[in-house]
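The values are calculated or read from the model by the stated rules, or taken from the named source; none is laboratory data. From a predicted model like this one, the values you see are computed outputs, not experimental measurements. Cβ placement follows ideal geometry from the backbone for every residue including glycine, while neighbour counts extend to all protein chains displayed.
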Amino acid sequence: MTAISSAGDRKHRRGSKVPLLPQKRDDRDYDDCQSAEVGFDGASFSGAVFNLSTTIVGAGIMALPAILNQLGLIPGLLMILLGAWVTELSIDLVLRFGRASKTSTSYSGVVADAFGGFARTLLQVCIVVNNLGMLIVYLIIIGDVLAGTWSEGVHHSGLVEEWLGSHHWWTARSTLLLLTTFLVLGPLISFKRVDSLRYTSALSVLLAVVFVVITAGVAIVKLAEGSIGMPRLMPQVKDQADFWKLFTTVPVIVTAYICHHNVHPIENELKDPSQMKPIVRASLTLCSSVYIATSFFGVLLFGDKIMDDVLTNFDGDLGIPYSSLIDDIVRISYGVHLMLVFPIVFYSLRLNLDGLFFPYAIPISRDNKRFFSITIALMGFIFVGANFVPNIWDAFQFTGATAAVAVGFIFPAAIALSLSRNAHGIATKRDRVAAWLMLFLAVTTSTVAICSDVYSILSPDSDITS
């Protein structure tokens, strides 16, 4: 497949050159779209860093402490750093190929240039599946924070339940999620420009840092008191099941770094698109630092009692003064954090779903009827899913082992390998080696993780962490 697509492919790739939103004002291809964007001279470096960081830091941050406890301190921290490095490499490959082809301003467009329209459609399906699953998980966790949840026969109270009491219609889970959808999420997902979310993204990153600071503070206090010990450095592998269980951690780490679907929309709005590479590096540095601190202090604080969702650990006595107040602050900050992450992930979900169903239509930002119809339909589906999906972590694991791995590693690796066979000649030997490594790790770990998940579901005696 050559890098220069046929005329038919160009027609099919309406979405690759025309993103959901207009680019900065000096782009000639969008002059007819600028009437609604007067005064927008392009997104800033800091705004882009916050938006990309918010795309990265979502529900995965709460699963990482359990992953670190399962892998052991040394392998776990190395895996978090490896995830950041491979993510930066994969994004760099996608960006370089897009700039070399000069025909694509979206991830799906880059894939279409490399492999054709079918591959583009497959990528969009993967992004839709990944983002849709993640948003359902976000809304479920928001419901858990507000209304409480049951885990292994134990009821974990929600904030509203604690404050206003249970058994009232206004404290019911469905009611609280409906109010959250209309009052908070609805207005945020109605923005047509990703840069409009830069302030909420900055706040979401700040709230993630607040969680880290509180967790670190509590852990340090208890460590000074001598009530907790250092976590184990290496994993405990007692039998073959424990060994295979280690592979189930990979999809969670992969999902924690997925942001590829929002890289091009953010780049398209920059004042200086050449800043995208340092923006990616700054965002990954910030997020990996948050991940490492959260994982380390979470394991240090709770040890083997840590839950798959560490937020669940913050609903009881922490063994320090003002424990109840600290629990509430942690849950409030994280609940609001997810509400602010939600619109960033929803943005690329809507963009790619529109590309799947309306590949030849005018840009969705110029069609209000289509824009709000897709928005309402997606939000309705997510709301229903959040009320009826029985186990979010099983869904989380399968999504991470399939769609997330494809979006984050398989497609970028395939693009890198295709560069050695096209006219651009921008793929180095190092790129090809890294691409083969990414493919090998993605395919093997995903296969083992899926098999392990199936085994954990079918075997009632299995304790494989989801």
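Within the stretch 309-327, restricting attention to residues that are closer than 19 Å to ILE61 by Cβ and among the charged types (D, E, K, R), the residue that is surrounded by the fewest Cβ atoms within 10 Å (Cβ to Cβ) is ASP327.
Filter the stretch 412-462 down to residues that are over 24 Å from GLN124 (Cα atoms) and among the polar types (S, T, N, Q) and give me whichever is modelled with the lowest pLDDT. Taking the candidates together, the pick is SER462.
Residues in the stretch 29-65 that are under 18 Å from LYS271 (Cβ atoms) and small (Gly, Ala, Ser) were compared, and the one that is modelled with the lowest pLDDT is GLY39. Candidates are the residues of the stretch 196-230 that are more than 18 Å from the chain's Cα centre (by Cα) and charged (D, E, K, R); the one that is farthest from PHE50 (Cα to Cα) is GLU225. Within the option set LEU139, LEU132, LEU122, being surrounded by fewer than 20 Cβ atoms within 10 Å (Cβ to Cβ), modelled with pLDDT of 70 or more and assigned to a helix (DSSP H, G or I) holds for one residue only, LEU122. Residue-level check: of (1) out of contact with any Asp or Glu (no Cβ under 9 Å at 6 or more places or on another chain); (2) crowded, with 18+ Cβ neighbours inside 10 Å, SER274 misses just (2). Contact annotation: residue pairs with Cβ atoms under 9 Å, 6 or more positions apart or on different chains, pairing a residue in the stretch 363-383 that is touching a residue at least 40 places away in the same chain (Cβ under 8 Å) and aromatic (Phe, Trp, Tyr) with a partner that is surrounded by fewer than 16 Cβ atoms within 10 Å (Cβ to Cβ) and in a helix (DSSP H, G or I), are PHE383/SER174; PHE383/LEU178. Filtered by the rule that a residue be of a type in the set (Ser, Thr, Tyr) and modelled with pLDDT of 85 or more, the stretch 66-106 gives THR87, SER90. Being among the hydrophobic types (A, V, I, L, M, F, W, C) and not in a helix (DSSP H, G or I) narrows it down to one residue among ILE292, ILE344, ILE326, ILE320; which is it? One residue alone meets the criteria, ILE320. Does the stretch 337-367 hold any residues that are small (Gly, Ala, Ser) and surrounded by 24 or more Cβ atoms within 10 Å (Cβ to Cβ), and which are they? Selection gives SER348, GLY355. Of all the criteria given as (1) in contact with a Gly (Cβ under 6 Å, 6 or more places away or on another chain); (2) at pLDDT 90 or above; (3) among the hydrophobic types (A, V, I, L, M, F, W, C), the one not satisfied by VAL310 is (2).
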